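Working notes for the structure below.
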C-alpha cells in the first residue's frame with residue numbers, strides 16, 4: 001500500500017491520498033514509515049536498488065536544468081502525498 005502510494009507521488013508526480021485505517025495506527029512500523037515519508041519523503045529500504053534506479057530515471061526526465069545528479073523523488077513525494085485517517089462507525 002505505502003510502496004504504491006510513494007511510487008504514484010514520486011515517480012508519477014500525482015497527487016496521492018493515503019487513507020489510513022485504525023488498524024494501521026496501532027502498527028508501530030507503519031507509523032515510523034509514515035513519519036519518514038512526511039519528514040524525508042522516503043522510507044529507507046522500501047524499494048530495491050533496481051526499483052530505486054527505475055524511479056530515479058523516471059524523475060530525472062522531469063528534472064529542470066539537466067541536474068542529473070539530484071534525487072528528486074523524495075522532494076516530489078513530500079509535495080504530492082497526504083495521509084488521512086479513516087474512522088469506523090461506533
Quiz item: Can you name every residue in region 1-32 that is assigned to a loop (DSSP other than H, G, I, E, B), modelled with pLDDT under 80 and touching a strand residue (DSSP E or B) at 6+ places or on another chain (Cβ under 9 Å)?
Solution: 1
Quiz item: Within region 47-58, can one find any residue that is surrounded by fewer than 15 Cβ atoms within 10 Å (Cβ to Cβ) and touching a residue at least 60 places away in the same chain (Cβ under 8 Å)?
Solution: no
Self-check item: Candidate set: region 18-46, residues that are surrounded by fewer than 15 Cβ atoms within 10 Å (Cβ to Cβ) and in contact (Cβ under 8 Å) with a residue 60 or more places away in the chain; chosen: the one nearest to residue 5 (Cα to Cα)
Solution: 19
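The values are calculated or read from the model by the stated rules, or taken from the named source; none is laboratory data. All values reported here derive from a predicted model rather than from experimental measurement. Quick reminder, even Gly has a Cβ in these numbers, built from the backbone with ideal geometry, and neighbours come from all protein chains shown.
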